[in-house]
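Novice: Take a look at the following structure, please.
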Amino acid sequence: SHDSAEATASFGFDRRSPIVAIHCHRRIVAPDAAGLRLILIYSDRTTYYFYLGAAAEELGYPEAAYKYYELAAKIPEKCTDYSAWNDACAGFKFPGDALKRMAGLSGNVKGEVKTWLPGQGPTVSELVGLTMIPLEDVPKFNSQTLVARDKFETDEEYKARLDKVKKGFLVVSPLDAGDSRNCQSAYDHAAGEYKISKCLALLGGTPLIQRRFEGDPIRLANMYESRDIKRIVNEEYYMSSNVGWSQALKLSREEARKLDSDLMVGIAAPEFNIGKKCRSCDIRAEGENLNDIANTLANLKSKKVVDPYTAEWKKDAFLNGMIIDDWTFTIKPSKVERLVIYRRSDSRVIYSFSPQ
């Protein structure tokens, strides 16, 4: 396809070089970029980007590979039958397989690693020294509020605080390492070690925070009635970085169990990009557009007024007395300067990673 030709060329692939795509434990080798495109013709967009990621990884372009895997993980396409080789996803499971590849690449990021046993490391403030912002507060955070001067501050205090703000922020969130969707963890009873690896939650694979609450009601009306509709809001907050966490800790079983529910993660960066999307809102908007088109066609055909309030979501809302808004927030650091894992109970760091 034309798209795949552009994609391969954008990262400088030599058309004469072999393109290698990995399929489970097998390797599919195409003689050139055209051969890779031939593979991609028979796959959906998710597999398309996954193959490009595998090719980039094999050719030694880790940054390109990471971006392709990230695209494969983010595209909301479903496969019909993971067990069938003739399925559009060719037996892969998404987003899981793409996220595992991302985790592998993140583990190859070079940098400075420091580790401590629980309770023996420095506090987050001592180690990082940046303004801390909870993950769920990032979408509504306004850095301008931090530069406003307090009337009780001295000149030195105000300057020190401004210097701190200019260095960036530390976005923090609870991290449940005991949840296999977040991290892979196991306790080695013989060695007395608690091992944690492949934290997909740090790569945007799973939400770090999920919230559900009742929002402000909305007023809906049709040709016959008007009333308030209850609105339930579901929110998911993702942290999408390119660094992961793996560590083995010499702990007793009881200490390891306590640690699972006491962990926090912090990512330091100069700035953060915020992506937000309301899936249900988009579906409703699409329904409205289709409804408008249908009514326009009906008007042209019958030359009579039709009910403008016949969108399916409005019918359901009137029937159930409720709508649900599903919001997704993705927080992506512009450049990760440090990853820290620490305990909520004492704010003491057990793991620090600073990419080179």
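Novice: Scan segment 329-351 residue by residue and report those that are under 21 Å from the mean Cα position of the chain (by Cα) and small (Gly, Ala, Ser).
Specialist: SER334
Novice: A further question on this structure: What residue, of ASN182, ASN222, is polar (S, T, N, Q) and in contact with a Phe, Trp or Tyr (Cβ under 8 Å, 6 or more places away or on another chain)? Give the derivation first.
Specialist: Values: ASN182 fails: in contact with a Phe, Trp or Tyr (Cβ under 8 Å, 6 or more places away or on another chain).
Sole residue among the options that is polar (S, T, N, Q) and in contact with a Phe, Trp or Tyr (Cβ under 8 Å, 6 or more places away or on another chain): ASN222.
Novice: Restricting attention to segment 198-233, which residues are part of a strand (DSSP E or B), within 28 Å of LYS67 (Cα to Cα) and in contact (Cβ under 8 Å) with a residue 60 or more places away in the chain? Working first, answer last.
Specialist: If we filter segment 198-233 for residues that are part of a strand (DSSP E or B), which is where we start, we get 203, 209-221, 226-233.
If we keep only those that are within 28 Å of LYS67 (Cα to Cα) as well, we get 203, 209-210.
Across segment 198-233, the qualifying residues are LEU203, ILE209.
Novice: Consider segment 310-330. How many of its residues are out of contact with any helix residue (DSSP H, G or I) (no Cβ under 8 Å at 6 or more places or on another chain) and open to solvent by less than 50 Å² (accessible area, probe 1.4 Å)?
Specialist: Adding up the residues that qualify gives 5.
Novice: Okay, moving on. Considering each residue of segment 207-260, count those that are among the β-branched types (Val, Ile, Thr) and in contact with a helix residue (DSSP H, G or I) (Cβ under 6 Å, 6 or more places away or on another chain), and give that number.
Specialist: 3
Novice: Sort out which residues of segment 221-273 are at pLDDT 90 or above, open to solvent by 40 Å² or more (accessible area, probe 1.4 Å), over 30 Å from the mean Cα position of the chain (by Cα) and more than 30 Å from HIS189 (Cβ to Cβ), and write them in order of number.
Specialist: Matches in segment 221-273: ASP228 only.
Novice: Right, another one. If we keep just the residues of segment 164-177 that are among the small types (Gly, Ala, Ser) and either in a loop (DSSP other than H, G, I, E, B) or open to solvent by 40 Å² or more (accessible area, probe 1.4 Å) (or both), which is nearest to TYR237 (Cα to Cα)? Step through it out loud before you land on a result.
Specialist: Start the filter on segment 164-177 by keeping residues that are among the small types (Gly, Ala, Ser), which leaves 168, 173, 177.
Of the ones still in play, those that are also either in a loop (DSSP other than H, G, I, E, B) or open to solvent by 40 Å² or more (accessible area, probe 1.4 Å) (or both) are 168, 177.
On the way: GLY168: 20, ALA177: 17 Å.
Ranking the qualifying residues of segment 164-177, first place goes to ALA177.
Novice: I've got another one for you. Across segment 91-134, which residue is nearest to GLU193 (Cα to Cα) among those that are assigned to a strand (DSSP E or B), among the hydrophobic types (A, V, I, L, M, F, W, C) and open to solvent by 50 Å² or more (accessible area, probe 1.4 Å)?
Specialist: Quick first cut of segment 91-134, residues assigned to a strand (DSSP E or B) only: 111-115, 123, 131-134.
Of the ones still in play, those that are also among the hydrophobic types (A, V, I, L, M, F, W, C) are 113, 132-133.
Filter once more, so that each one left must be open to solvent by 50 Å² or more (accessible area, probe 1.4 Å): 113, 132.
Working: VAL113: 19, MET132: 31 Å.
Checking each candidate, the answer is VAL113.
Novice: Could I ask something else about it? Does ASP282 satisfy being closer than 30 Å to ILE232 by Cα, open to solvent by less than 80 Å² (accessible area, probe 1.4 Å), modelled with pLDDT of 90 or more and charged (D, E, K, R)?
Specialist: Numbers: closer than 30 Å to ILE232 by Cα: yes; open to solvent by less than 80 Å² (accessible area, probe 1.4 Å): yes; modelled with pLDDT of 90 or more: no; charged (D, E, K, R): yes.
In short, no.
Novice: Follow-up. Consider SER180 carefully, then state whether it is loosely packed, with under 15 Cβ neighbours inside 10 Å and within 22 Å of the chain's Cα centre (by Cα). Don't jump to the end; show me each part of the working.
Specialist: On the way: loosely packed, with under 15 Cβ neighbours inside 10 Å: yes; within 22 Å of the chain's Cα centre (by Cα): yes.
So SER180 passes the test.
Novice: Report whether or not ALA190 is small (Gly, Ala, Ser) and either open to solvent by 50 Å² or more (accessible area, probe 1.4 Å) or closer than 24 Å to THR115 by Cα (or both). Break it down into steps so the answer makes sense when it comes.
Specialist: Values: small (Gly, Ala, Ser): yes; either open to solvent by 50 Å² or more (accessible area, probe 1.4 Å) or closer than 24 Å to THR115 by Cα (or both): yes.
Judged against the criteria, ALA190 is a match.
Novice: I would also like to ask the following. Does any residue in segment 276-289 that is among the polar types (S, T, N, Q) come within less than 7 Å, Cβ to Cβ, of a residue that is surrounded by 13 or more Cβ atoms within 10 Å (Cβ to Cβ) six or more places away or on a different chain, and which pairs are these?
Specialist: Close Cβ pairs satisfying both conditions: SER280/ILE324; SER280/ASP325; SER280/ASP326.
Let's see how each residue does on (1) open to solvent by 60 Å² or more (accessible area, probe 1.4 Å); (2) over 30 Å from TYR238 (Cβ atoms):
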{"residue": "GLU136", "(1), (2)": "no, no"}
{"residue": "PRO139", "(1), (2)": "no, no"}
{"residue": "LYS159", "(1), (2)": "yes, yes"}
{"residue": "LEU162", "(1), (2)": "no, yes"}
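The values are calculated or read from the model by the stated rules, or taken from the named source; none is laboratory data. None of the values given here were measured: they were computed from a predicted structure. Note that each Cβ is placed from the backbone with ideal geometry, even for glycine, and that neighbours are counted across all protein chains shown. Heavy atoms of the whole protein, side chains included, go into the accessibility calculation; ligands, DNA and RNA do not. Shrake-Rupley method; radii C 1.70, N 1.55, O 1.52, S 1.80 Å.
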